[in-house]
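What follows is a single structure, written as structure tokens, with notes after it.
Each reported figure results from applying straightforward, stated rules to the coordinates on display, with no laboratory input. As the structure is a computational prediction, the values presented were derived from the model and not from experiment. Methodologically, a virtual Cβ is constructed for each residue, glycine included, from the backbone with ideal geometry; neighbour enumeration extends over all protein chains shown.
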Amino acid sequence: MAWLPSSQSPPSPLHRAQRTLVKISGRLTAALMAAVALVTTTGTASAADLAEPRKKDIAMQIVSSAENSTLDWRGQFGYIEDIKDGRGYTAGIIGFCSGTGDMLELVELYQRRKPVANVLEKYLPALRKVNGTSSHAGLDPTFTTDWKTAAKDWIFQNSQESERDRVYFNPAVTAAKLDGLRALGQFAYYDTFVVHGNGDDRTSFNAIRSRALAKAKPPTQGGDETTWLNAYLDARVWAMKQEPAHADTSRIDTAQRVFLKNGNLDLNTPLRWKVYGESYEIK
């Protein structure tokens, strides 16, 4: 989840994504990677890969439009606040949370990469204690200021991007390739990981995909790609509506669904969409 530059007002907390802690087991990761190798070999889903630099930047911008009301996702490394969603502090380019473990893993990575003069290292004991809670114990009152200081460090910026890719982007794209999806489908899965994670609850990625499977099949199971994505987005909208913070589903209805209706499965530019009534364009 990306955040806003100082020139913009914070979007409503209702616009912030809420997700469960992502859980990717080694067995699942290995299975997905093996499947992707097979998909690549057979040529399925090779037309447009979201991992290509230009496509990936487009994906980051679209997510940022929903999370921050801006396309400037690179301006969000220093964002941090408690959005009162029960997950403690939410921060950085993808909304790392002190209460879900991903912020802890990020700061641990940053400490390994910068073991000397690391302004966030002293908060590691507190981050371990508050993990799984909404507590700020041991973090206040200086954590937010130090986070913003660290965000000016290219090592911390690089660490945020590394963790975003490891925990969210790469597993989502891998899963989409397993289903034989091109760039739009890969983005749909990534946006799901960002908002819902890949936990064990009924609104996480696996549950959403399972719900869609009751209505359609992905391409690698003999289904039509557009039909599958419509079923998947239907299931995604259902999942979003299970939480009050996700009552507005415009990130699906007037964004991803628009691309799908236009037949833009490769997520080619120009792209025009709306989120929360605001219009965006990537030329």
In the structure shown, of Lys56/Lys215; Lys55/Lys283; Lys114/Lys152; Lys177/Lys283; Lys241/Lys261, the pairs separated by more than 18 angstrom at the C-alpha atoms are Lys56/Lys215; Lys177/Lys283; Lys241/Lys261
What ³J(HN,Hα) values, in whole Hz, does the Karplus curve 6.51 cos²θ - 1.76 cosθ + 1.60 give for the stretch 254-260 when θ = phi - 60°, with x put for Gly and Pro?
-> 10, 10, 4, 5, 5, 4, 5
Distance between modelled label sites at Trp238 and Thr145, nm, 7 Å Cα→Cβ extension | 5.0
Residue by residue, what Karplus-based ³J(HN,Hα) values in Hz, rounded to whole numbers, does the stretch 266-279 have, using 6.51, -1.76 and 1.60 with θ = phi - 60° and x for Gly and Pro?
-> 8, 6, 7, 7, x, 10, 10, 7, 10, 9, 6, x, 8, 8
In order through the stretch 80-92: 3J(HN,Hα) via Karplus (6.51 cos²θ - 1.76 cosθ + 1.60), integer Hz, x for Gly, Pro = 7, 6, 9, 8, 6, 10, x, 10, x, 6, 10, 7, x
Could you please tell me the mean projected area of the C-alpha convex hull for the stretch 13-276, averaged over all directions and given in square nanometres to one decimal?
-> 13.3
Using modelled amide H (1.01 Å from N, peptide plane; none on Pro or chain starts), what sits under 5 Å from the amide H of Asp266, excluding residues fewer than 5 places away?
-> Leu184
Using the Kirkwood radius over Cα pairs of the stretch 68-174, the Stokes-Einstein translational diffusion coefficient at 37 °C and 0.692 mPa s, in µm²/s and rounded to a whole number, is 238
Per the charge dipole of the stretch 13-276 (beta-carbon charges, Lys/Arg positive, Asp/Glu negative, Cα centre), the residue among Trp238, Tyr110, Thr269 reaching farthest to the positive end is Trp238
The stretch 257-283 scanned against label point 7 Å out from Arg54 along Cα→C-beta; backbone N under 12 Å for 267-270, 283
Provide the gained length on full extension for the span Asn262 to Ser210, in nm with one decimal, where the gain is 0.36 nm per separating residue minus the Cα-Cα distance.
-> 16.2 nm
